[in-house]
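Q: Would you mind keeping the following structure in view while I ask a few things?
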Amino acid sequence: MSKCLITCDCGGSQAIDADGLEQTTGLGVKRPCTALCTREIETAAKAMTEGDAIICCGQETRVFTELAEELGLDEPAFLDLRDRAGWSDDPAPKLPKMSALVAEATLPAPAAKSVDVISEGLCLILGPAETALAAAEQLKDHLGVTVLLADPQDVPDSRDYDAVTGMLRSATGALGGFRVTFDGLRQVEPAGRGPLTLTPPRDGAQSDCDMILDLRGPAHPPLFPAHEKREGYLRADPGSPAAVAAAVMAASHLVGTFEKPLYVRTEPLLCAHSRAGQTGCTRCLDLCPTGAISPEGEYVSVDPMVCAGCGACSAACPSGAISYDAPPVDLTMRRVQTLAKAYLDAGGNAPRLLVTGAHGAEMVRLAARHGRGLPADVIPMEVDAVNSFGHAEMLAALAAGFANVTVMPTPGTDRDALAAQVALVTAIVDGAVSVLDTPDPDAMTEALYGAEPPAPRANPVRPLGSRRQIARSTAKALRPEAEMLALPEGAPYGAVLVDTDACTLCLSCVSLCPSGALGDNPDLPQLRFQEDACLQCGLCVNICPETAITLEPRLNLTPQALEQVVLHEEEPFPCIECGTLFGVKSTIERITAKLEGHSMYKNPQAIRMIQMCDDCRVNAQYHADNSPLRGPDRPRVRTTDDYLSKRRDH
């Protein structure tokens, strides 16, 4: 059964072109209601009962969800056309924009991936005695509470919860799996009469808990980087009773089974972090605010319990070893391409893409209700993590037909990481991407209305493939006249430059190159390079014993970037015994010259061995007079005649 749009003009405050939407989207569109959530709610009930209905109202989702529960039906799909398109002071037609939003809403999305996290309610409370003990009194009936105190005299007589003394050395983990280490830990010894006694202090004591309530205040640093993103870690200033009360309330609800989204997907074989003990790419390690990413030999690993899903690692990863998966990167690509195509197919011209998070989406709603709303050519696209919308996604949006892309960071967005991605796109297509960083809905709309009308993109393209493949294809489409584009430092595209005077063709760089961009020729002393495969990870620079390699960030859009080119080659050396080509002539000659005066090479035969191939060298060593491979003459084999000659009867 085909999907059906149930629209509403919200008391006549917006215009819905039902016939136009039906024609541009290919979906069934009912005559717009005026009060779908109140007087005409029977229309919604009938549509949900009859088939696959999409309720075009974002404000009253609670009403329609409760209606579906009463009818024994699944929750319907929702689509907000009013706040994102209908409520706007722009007199231009809204049909192309609404068509684009409908097309995006009907895209099939894979089910979200998650893992269950179980919290049994074991809570560790840190802080001054007065505040921590008061919090423990409030939580003792809901959680298993342990209070860490500094002074043994503050230990209460009450045994409704545990109280210990000591100092917290370290803490790791997240909700449902914290591991804490104490120094000088002393626990209550409950036996005996009189005041409670404590056990002797113990260093390095470890324990587990499900959550940590940190009430130590701003004088003490947080236990974790980006602590506000660490689930199960609640921090409040003891000088603010409201903040402490909110933290205590939040802690009381952290009991049970929770779904932890799996934000990223990893492909260790693609990782270019290190090889043979040499460090290469560290982009994700440098960006991760929570410390969820750590080295694991030649690749990096992600702790899914600590990962907060900011997405910066996915945007910066040059190889695709880490990619955002909530939702997957390919769905984000399909969304931007679908929005652009549907807008253009519906008669629109030069659309602008506004990328927002949940914070920006709320600003759009506020601007629609209380301000001018969005311009008719601005299409909002809400993403779960703004930092996951990197240079490849921006380029894909521009190539698909968007005239420009505006990104609105959320309060938790890493501005530096976003700026690096914008700078990379700007080096390819100048002026096409901008950042609108404001918490004011009115300032947002003024900036969007005040921008110069952009020129439309010619010949939109919608390539498929990995993020690297899409970025290269879209850059070529956006800059068809360009051959070589200079990129900022740290870009994941570029060339390897070799100082041929210093290079000895040892090929150490070839053996460690994680992407195969550097290669050799099994028949000749050559160093080959394929530029489109280079990740600019720096492993070749770090491993080169002659410091003959440097990196040049750039984007080569010529066909030569897809081919192997020779960076350095030399004449091979022929074995002086059999003539087999081996090694490099200049290297053999240089080694020979350096060793001629050495005491171990006074014998001309020793010098000659340097100029032999492997087989001839072994053979010469074996047959040399002073060869360590030679032993005494083997004993003569005894024959039958030897035995018979000793018999007396012969």
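Q: For K585, list the aspartates and glutamates whose Cα falls under 19 Å from its own Cα; do not include residues on the same chain fewer than 8 positions away.
A: D499, D501, D520, D523, E546, E569, E570, E571, E577, E596, D614, D615
Q: Can you list the residues of region 2-26 with backbone N under 16 Å from a point 7 Å past the Cα of T38, pointing along Cα to Cβ?
A: 8-14
Q: Mark the label point 7 Å from the Cα of A447 along Cα→Cβ and return the residues of region 407-426 whose backbone N is within less than 11 Å of it.
A: 407-410
Q: Would you calculate the volume per residue, in Å³, of the smallest convex hull containing every Cα atom of region 546-650? It would help to have the intermediate numbers written out before the result.
A: Values: hull volume 22.7 nm³, N = 105.
Hull volume normalised by residue count: 216 Å³.
Q: If r is the Cβ-Cβ distance from A219 to K140 and R0 is 25 Å, what FRET efficiency results, to the nearest 0.05? Numbers along the way, then the final one.
A: Working: r = 27 Å, r/R0 = 1.06.
So the FRET efficiency works out to roughly 0.40.
Q: What's the carbon and sulfur percent of region 459-509's accessible surface, probe 1.4 angstrom, rounded to a whole number? Could the numbers behind the result be given before it?
A: Values: 1370 of 2610 Å².
The C+S portion of the solvent-accessible surface of region 459-509 is 53 percent.
Q: Another question, if that's okay. Just to confirm my numbers, what's the Cα centroid distance between region 431-459 and region 36-74 in Å?
A: 35
Q: FRET efficiency for D19 and K113, Cβ-Cβ distance as r, R0 = 35 Å, nearest 0.05?
A: 0.30
Q: On a 23 Å Cα-Cα criterion, which of the cross-link pairs K3/K30; K3/K341; K341/K476; K3/K113; K94/K341 come out too long?
A: Working: K3/K30 11 Å; K3/K341 20 Å; K341/K476 19 Å; K3/K113 26 Å; K94/K341 15 Å.
Listed pairs above 23 Å: K3/K113.
Q: With angles folded into 0 to 90 degrees, how steeply does helix 61-71 sit against the dominant principal axis of the chain? Use alpha carbons for both and round to 10.
A: 80
Q: Let me ask something else about it. Could you give the nm distance between label points at D154 and L507, where each point is 7 Å from its Cα heading toward the beta carbon?
A: Going by the 7 Å Cα→Cβ label model, 6.7 nm.
Q: Could you quote the convex hull projected area for the chain, Cα atoms only and averaged over all directions, in nm²? Could the numbers behind the result be given before it?
A: On the way: hull surface 214.4 nm².
The number I arrive at for the chain is 53.6 nm².
Q: Please report the spacing between the Cα centers of region 173-231 and region 291-332 in Å, no decimals.
A: If we compute the Cα centre of each part, the gap is 31 Å.
Q: Another question about this same structure. Using Cα positions and a limit of under 19 Å, work out the lysines in reach of K602, with same-chain residues fewer than 8 apart set aside.
A: Partners within reach: K594.
Q: Using only helices, what value at 222 nm comes out for the chain when you add -39,500 (n - 2.57) per DSSP H run of length 4 or more and divide by the total residues, to the nearest 500 deg cm²/dmol?
A: Numbers: 20 runs with 193 residues, N = 650.
Here the helix-only value at 222 nm equals -8500 deg cm²/dmol.
Q: For region 199-240, what Kirkwood radius comes out of the mean inverse Cα-Cα distance, in Å?
A: Details: mean 1/r = 0.0821 Å⁻¹.
Result for region 199-240 stands at 12.2 Å.
Q: Once every Cα of region 320-416 carries one equal point scatterer and solvent is ignored, give the base-10 log of I(q)/I(0) from the Debye formula at q = 0.16 Å⁻¹, two decimals.
A: Once normalised to I(0) and log-transformed, intensities are -0.69.
The values are calculated or read from the model by the stated rules, or taken from the named source; none is laboratory data. What you are looking at is a predicted structure, and each value in this text was computed from that prediction instead of being measured. A quick note on method: Cβ atoms are made from the backbone with ideal geometry, for glycine too, and the neighbour counts reach across all protein chains shown. Heavy atoms of the whole protein, side chains included, go into the accessibility calculation; ligands, DNA and RNA do not. Shrake-Rupley method; radii C 1.70, N 1.55, O 1.52, S 1.80 Å.
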